[in-house]
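The values are calculated or read from the model by the stated rules, or taken from the named source; none is laboratory data. The shown structure was predicted, so the numbers you read here are calculated from the model rather than taken from an experiment. All Cβ positions, even for glycine, are placed from backbone atoms using ideal geometry, and neighbour counts span all protein chains on display.
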Amino acid sequence: MAAATHDPSLAKAADAAFIHAMHVGALWTAGFALIGAVVLVLGFRPARRTPPPAPARPAPLATSTTSTTTS
């Protein structure tokens, strides 16, 4: 359109609008990437787990005082 009307100010305005739109799009994309990175970090952080309870100690073996040996 600008070439058909031979109006250089229209071409400059179109160029400026295009560059502005590209900058705005790049900023929105960077913002969404940042939000995605935050969600990723929060989603993949290690889960807080309580330590497992200490294993129970087995009861001591009962010792016999009687002898079971035969001769």
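What the table shows:
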{"read-out": "The lone exception for residue 26 - which of (1) among the small types (Gly, Ala, Ser); (2) surrounded by fewer than 10 Cβ atoms within 10 Å (Cβ to Cβ); (3) within 29 Å of the chain's Cα centre (by Cα) it fails", "value": "(2)"}
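One line per residue, one yes/no per condition, for (1) of a type in the set (A, V, I, L, M, F, W, C); (2) surrounded by 10 or more Cβ atoms within 10 Å (Cβ to Cβ); (3) at pLDDT below 80:
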| position | (1), (2), (3) |
| --- | --- |
| 12 | no, yes, no |
| 20 | no, yes, no |
| 39 | yes, yes, no |
| 52 | no, no, yes |
| 66 | no, no, yes |
| 71 | no, no, yes |
